[in-house]
Amino acid sequence: MAAAAAIANEPPLLQWGPVNLRAHLLYRFLYGDGIPARPGQNFTTVVNEVRPGLLFELGSHWTLDYTPTLRFYSNRQFRDTTDHSVVLNGATTYKDWTLGLSQRYASTSEPLIETGTQTDRENYSTAANATYHVSTKTSLELGLNQNFRFMGQNQAGRPLTDSRDWSTLDWLNYQFWPRFGAALGVGFGYLDFSAGSDMTYEQLQGRINWQATAKVSLVLNAGFDDRQFLSGNTPDLLNPIFGAALLYQPFEPTLLSLNAARTVVPSYFQSQVTESTTLSGSVRQRLLRRLYLDLTGGYRLSSYEATATGQPVNRDISGTFVNVRLNVPFLKRGTASAFFQAAENSSNDSLYKYSTTQVGLELGYRF
């Protein structure tokens, strides 16, 4: 929120009546080894990325951002690509309602952990949300989501699948005390696949938001995800799901956090869903007034479940990761960063075992 406010207070690059134009540019240099080009085949490469972007502020309620990413690999095992990202956001209030709408499009081609190769994807996502303030203590959150995912290539013997997902997740919130609130959420969804069984799913969750002290806060949600498969004789899939974020700020320049999440999502592979659990911790420390250090590390586990009878699925992936980043602002609108990333995955499928380390630099500027 502070960064968004700072940008809003800066004069735009150009202005036409109610339309403001801003620009942003990011250059990223990365050297990495263990980058997957094909399942079981990992390589060393230098990656240069250039991300020029335009942000249009359309009156006081709408923003439109377009950012292409030009990516160049030194290793010919990878294809140079141009990715595209378009984001339209709108928000307003009306009496006791707060309304929001978001439309996103992304076209990407990057090496993915799940597929073990450079994979083309197109994503279209729409989100409409509304919050109605029933009273000073009670509010109702309504959300509608549409997500389309199109995969650009198949692996030999392991075909990828396109998906279309329509869902809603609605919450009834009650603020018991100024620092403690709780909510009950109910969700429904329908998934349509280009191949394999379509599915319906329901979610029931509870959520608490607790500001224990001025320095400690906790947000926790937990519940169940129940999925039904519309073809074949596969039984329903019932899974616990949860998310948690514990924040502790012992001093003004120091922020500590612990995070945990368990999700169930459709896999990129045909007739499979992915059950994922992630545990992580992070430290953000301001140094010497202008230098920021971010440390993140964690553990993740993913397992794959068949959604069709007779589908041979027996793959688990587990691994650890660590990220270190130093950021420093310059010339009011610029940011320079140096980073180190490392990850190691083990799997009962030898094609998806890998170990990678990456180092790099980033330079960004807002115009």
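Give me D for the range 1-143 in µm² s⁻¹, whole number, from Stokes-Einstein with Rh from the Kirkwood sum over alpha-carbon pairs, 4 °C and 1.567 mPa s. Intermediate results must be reported in sequence, preceding the final value.
Values: Rh = 18.2 Å.
In µm²/s, the coefficient is 71.
When only alpha carbons of the range 2-366 are considered, Rg and Dmax amount to 22.2, 62 Å.
Give the Kirkwood hydrodynamic radius (Å, one decimal) of the range 265-309, defined as one over the mean of 1/r across all pairs of different Cα atoms.
On the way: mean 1/r = 0.0745 Å⁻¹.
One over the average 1/r among Cα pairs gives 13.4 Å for the range 265-309.
In deg cm²/dmol, rounded to 500, what helix-only [θ] at 222 nm does the chain give when every DSSP H run of at least 4 residues adds -39500 (n - 2.57) and the total is split over its residues?
Values: 1 runs with 8 residues, N = 367.
That calculation yields -500 deg cm²/dmol at 222 nm.
Work through the residues other than Phe148 whose Cβ is under 10 Å from its Cβ and net out their charges, Lys, Arg +1 and Asp, Glu -1. Net of charged neighbours comes to -2. Within the range 135-212, all pairs of alpha-carbon atoms sorted by distance into 5 Å bins from zero give the percentages 3, 13, 18, 14, 12, 11, 9, 8, 6, 4, 2, 0. Annotation for the range 71-103: trypsin sites (Lys or Arg not before Pro) lying in DSSP loop with at most 14 further Cβ atoms inside 10 Å of their Cβ are Arg76, Arg79, Lys95.
What do you get for Rg/Rh of the range 82-230 when both radii come from the Cα atoms and Rh is the Kirkwood radius?
Answer for the range 82-230: 1.05.
Rule-based calculations on the coordinates, nothing more; no lab input. All figures in this text were calculated on a predicted structure; none of them were measured in a lab. Here Cβ is always computed from backbone atoms with ideal geometry, including for glycine, and neighbour counts include all displayed protein chains.
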